[in-house]
Amino acid sequence: MSEAVSSFNTDDIKILAKCCERCWHSPERPCPDLINCLTSGPTCHNDPACNERAQSRTKTARREKLDRPVIFIGTGTCGLGAGAGKTLAAIREHVQKQNLDVDIVEVGCIGLCTAEPMVDIQLPGRTRVSFAKITSDKVPALIDTVLANKIVFEDLVAQFRDEKLTPYEGVIFQDQHPFFAQQTRCVLVNCGIIDPNNIDEYIARGGFCALAMALRKQTPEDIRNTVFDSGLRGRGGGGFPTGQKWKLAAQENSDQKYLVCNADEGDPGAFMNRAEIEGDPYRLLEGMAIAAYAIGASKAYIYIRAEYPLAVKRLIKAIATAKANGLLGHNILDSGFSLDIVIKKGAGAFVCGEETALIHSIEGRRGMPRPRPPYPAVKGLFGKPTIINNVETFYNIPTIIERGAAWFKAIGTGNSTGTKVFALSGKITRTGLAEVAFGISMRDVIFTIGGGVLNNKNFKAVQVGGPSGACIPSQHLDLTIDYDSMKTVGAMMGSGGLVVMDENTCMIDVAKFFMDFIGRESCGKCIPCREGTRRLLEILTQITQGRRTEKNADALLRFQGVVLLERLASVIKDTSLCALGQTAPNPVLSTLRYFRDEYEAHIFERRCPAHVCPELLNYTIDSEACVGCGVCIKACPADAIIGAPKQVHEINQDKCVACGSCLEVCRLNAVIAA
Amino acid sequence: MSETTTKFINTKSVAALRPELAVILQRHANARREHLIPILQDVQEAEGYLSQDAIVAIAKHLKLPASKVFGVATFYNQFRFQAHGRFHIQVCRGTACHVKGSASVLAALCRVLKITPGQTSRDGLFSLEVVACIGACGLAPVISVNGEFHAGVAPDKVASIVQSYRRKIA
């Protein structure tokens, strides 16, 4: 990551600065009314000048009152991947060269990954407008036109809605944009809007209010009851009621209890936790502080993937800043409650998402699960009661405490309350993060929010919940999304990754991909998971192979595997030790359930209908269409294509590795795959 | 701890402890078992990989058998036991990347670099690694070179990406 990304200076802390000498707040002796005083006032010494100053600071941090234009740029990992680093450098250069009086603010990711790098511009008194795909070459033109009070309509996404500011005419509002229209943003409310490094902006937008309220006005039991009544369920995948879990830990008598945040998001296809932490790290700290207070923990761990360096960096900064302002650490806001948060970097093991494995990993051992009970809530980290929650679960806590259980319960459906963040990826037009209330249909998420299948291809399936999940075919697209409805189609919520697949995706190849993944990531402790998934992979590989040498009993063995595939999958499901093994056969079972015809084509006809499995593909050249341009000859890695210039080419079947390079490069559609 | 291991530690590695390693171990004074993974991460970050000497020294520091330390280190994907190339290429093989064709990107990289995943090219310039998911699924397929992301990589773009890094050192 470039240095520019981490630009942060402590001078930025304006809100938390003392208003006058009469303010006695300090981290050593925190003021219990600090947050209240900063955001809503009045100050304890009730000085009109101080009140006004506080309000003006809040307004500035909320960017309601601007004295110069602000340029926002999304610099989350996905933004940087799309080139936001270069865009940022170009903006800085242009601003310096033209000697412009503007602020440049780095924000997190708003969720619309396909539009990255995204740049927002807000002029004093006007609404904030977003522009998509601003590569470095477009920067000077964009800034010059917008600062001249004109809006470039190409690349325009939407303007933010704000009653206090003058909107632009003829520009759609963000809540009218198809990607945002159906979203309910509670968890992601600050992502992509605020500067994640700036605690002032978080406080100005209501941050830490819930913590202050919880510590001052509520007992830990009140909070546990509120969370229990809200019906919040774990967002990591299991869906266990959070309030119930907290109550279990509260019942335990122990000198030390621990709170752990599971930020070891390893599901391929899910990246919401990374974006949440990168975009709004203080909210995680606030949610964790409330949770720790509710269960009586004084030490908390954040177990985060080392593959997310930017998220780790922002968290380290956030913890240090919060601590320096009396919002974490010893005697938070003079309530007598203390909390230390320690970051533990994961070392790259998928199984560590399982809570007992995660505990072993924090303890410095191999991340292997152990049988439960005893549950971690009774006997967890270092043998003490431990509560483990997912990042997104914590992000819901501040809003629940602030607005109450009834408010939260009103969102979503009966057994699944609130919202869920989904990561849209794969063959979908608009990839990114969408936060929706439970009860929305899968079709709305994919076709309205996501904009449908890429390149107008046919929709085939959507893979939900990573390796523990399943593929949902088109006939179940009208399924409303909640924890229970997912189970009726053999899937599970998982962490919320949605990978869309089109007609060019082979479902056996997908099942094979997941078995390969699980086989590598299995910890190896229990046999069904270690050996079973390997055998599943073997059988699937045999199915996707051509007729090699079938000597003696080869064909018989292949068929034996095919016959036993389903039985093996269910045995693994029933006998594995942890959730990783218990859900490992799901990709196989669900593809068998919904795409049996594709399995049959592979097994009986040795044909891959989606044209993916190389060994079952036969590439030929259509002699009518070929003009002998030679493009395919250059592209072929195996030198399998022969033919003189301007003569019809031919593929040598013995040499062909069926990589499909020729098919990709041929502009005349002369290459036929069958 | 067996007698031979103890002897091995005392005579060889501690005497030859590299200064960076000593600094890291000093930073983790009074470390317990729970600090093992952070120590391994720090050592790998400083030295690029975990050498045999480093593992033995860490084991002694934590008063653990070297086999336990090695057992933990081999369990996790992050740790490696040989040095990387100057440019370390990570190919994301997450579901979204897979669906969008990362397998052929990987094949193209193998072809261009003439190495397989886990290897380092003979000139020591490039090393190749397959990772489970980088977490930039919206931009699939993704590869990362020394932490710098390349989004939407197609097999035919691979050669020019590799070339751009070759040019950097020329």
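The values are calculated or read from the model by the stated rules, or taken from the named source; none is laboratory data. Since the structure is predicted, the reported quantities are computational estimates derived from the model, not experimental observations. Don't worry about glycine lacking a Cβ; one is built from the backbone with ideal geometry, like all the others, and counts go over all protein chains shown. Surface accessibility is based on the protein's heavy atoms, side chains included, excluding ligands, DNA and RNA. Shrake-Rupley method; radii C 1.70, N 1.55, O 1.52, S 1.80 Å.
Shielding of peptide A:429-435 by partners, expressed as the average count of other chain Cβ atoms within 10 Å per residue Cβ, is 2.
Dipole orientation for chain A: of the candidates A:69, A:56, A:513, A:513 has the Cα lying most toward the positive pole (charges on Cβ; Lys, Arg +1; Asp, Glu -1).
Amide H to amide H distances under 5 Å link residue A:343 with A:302, where only residues 5 or more positions off or on other chains count and H is placed in the peptide plane.
Which of rounded, prolate or oblate describes the range A:238-381 when judged by the alpha-carbon gyration tensor and an a/c cut-off of 1.5? Each step should come with its number before you reach the end.
On the way: a/c = 1.76, a/b = 1.06, b/c = 1.66.
Cα axes put the range A:238-381 in the oblate bin.
Among beta bridges from DSSP that stay inside the range A:13-127, the antiparallel ones total about 45%. Look at where the Cα atoms of the range A:395-465 and of the range B:81-113 average out, and the two centres are 31 Å apart. Within the shell of other residues whose beta carbon sits under 12 angstrom from the beta carbon of residue B:72, the net charge comes to +2, with Lys and Arg scored +1 and Asp and Glu -1.
Accessible area of residue B:123 (1.4 Å probe, protein heavy atoms only, ligands and nucleic acids ignored): about 100 Å².
Only lysines eight or more places from residue A:247 in sequence, or on another chain, were considered; those with a Cα closer than 24 Å are A:217, A:257, A:299, A:379, A:384, A:409, A:420. With a Förster radius of 22 Å applied to the beta-carbon distance between residue A:548 and residue A:607, the computed FRET efficiency rounds to 0.85. Sorting A:449, A:633 by solvent-accessible area of protein heavy atoms yields A:633, A:449, largest first, with a 1.4 Å probe. Taken as Cα centroids, the range A:237-305 and the range A:504-581 sit 35 Å apart, rounded to the nearest whole angstrom. Note on chain A: Cα-only Rg and Dmax are 27.7, 95 Å. Helical content of the protein assembly as shown, expressed as a calculated mean residue ellipticity at 222 nm, amounts to -11000 deg cm²/dmol (DSSP H runs of 4 or more residues, -39,500 (n - 2.57) each, divided by residue number, nearest 500).
What is the range A:393-545 by shape, rounded, prolate or oblate, if you read a ≥ b ≥ c off the alpha carbon gyration tensor as root eigenvalues and call it rounded for a/c under 1.5, prolate for a/b larger than b/c, and oblate otherwise? It is oblate, given that a/c is not under 1.5 and a/b is not larger than b/c. Cα centroid separation, the range B:20-67 to the range A:97-114: 41 Å.
Leaving out same-chain residues fewer than 8 places away, which lysines sit with a Cα under 25 Å from that of residue B:60? Cross-link targets: A:344, A:345, B:7, B:12, B:68. The charge dipole of chain A, taken about the Cα centre with unit charges on the Cβ atoms of Lys, Arg (+1) and Asp, Glu (-1), comes to about 1120 debye, rounded to the nearest 20. Of all lysines in the structure, those lying under 25 Å Cα to Cα from residue A:457, and not within fewer than 8 positions of it along the same chain, are A:133, A:427, A:512, B:100, B:157.
May I ask for the Kirkwood hydrodynamic radius of the range A:309-374, worked out over all distinct Cα pairs and given in angstroms to one decimal? Could the numbers behind the result be given before it?
Numbers: mean 1/r = 0.0716 Å⁻¹.
Taking every pair of different Cα atoms in the range A:309-374, averaging 1/r and inverting gives 14.0 Å.
Per residue, the convex hull spanned by the Cα atoms of the range A:496-616 measures out at 110 cubic angstrom.
Compactness of chain B, taken as the C-alpha radius of gyration over 2.2 N^0.38 Å, stands at 1.23. Of the whole protein surface, residue A:68 contributes about 80 Å² of accessible area at a 1.4 Å probe radius. Summarising the label geometry, the points placed 7 Å from Cα in the beta-carbon direction at residue A:560 and residue A:141 lie 6.7 nm from one another. Counted over chain A, the DSSP beta bridges are approximately 55% antiparallel. Average 1/r across all pairs of distinct alpha carbons in the range A:504-565, invert it, and you get the Kirkwood radius: 12.6 Å.
Checking the a/c ratio against 1.5 first, then a/b against b/c, what shape does the Cα gyration tensor give for the range A:593-654? Verdict is prolate for the range A:593-654. The label point for residue A:480 and the one for residue B:145, both projected 7 Å from the Cα toward the Cβ, are 5.1 nm apart.
Antiparallel as a % of all DSSP beta bridges within chain B, to the nearest 5?
Working: 7 of 13 bridges.
Counting DSSP beta bridges with both partners in chain B, the antiparallel share is about 55 percent.
Computed with a 1.4 Å probe over protein heavy atoms only, the accessible area of residue A:492 comes to about 50 Å².
The accessible-area ordering, largest first, of the residues A:50, B:110 stands as B:110, A:50, per a 1.4 angstrom probe. Projecting the alpha carbon convex hull of the range A:360-434 along each direction and taking the average yields 8.5 nm².
What is the magnitude of the charge dipole of the range A:468-557 about its Cα centre, with +1 placed on the Cβ of each Lys and Arg, -1 on the Cβ of each Asp and Glu, and no other charges, expressed in debye to the nearest 20?
Numbers: 10 positive and 12 negative charges, 114 e Å.
The dipole of the range A:468-557 has a size of about 540 debye.
Give the ranking of A:65, A:150, A:344 by solvent-accessible surface, highest area first, calculated with a 1.4 Å probe. Could the numbers behind the result be given before it?
On the way: A:65 105, A:150 125, A:344 20 Å².
From most accessible down to least: A:150, A:65, A:344.
Just the C-alpha atoms of the range A:296-341: what Rg/Rh do they give, with Rh taken as the Kirkwood radius? Using Cα coordinates only, the ratio equals 1.05.
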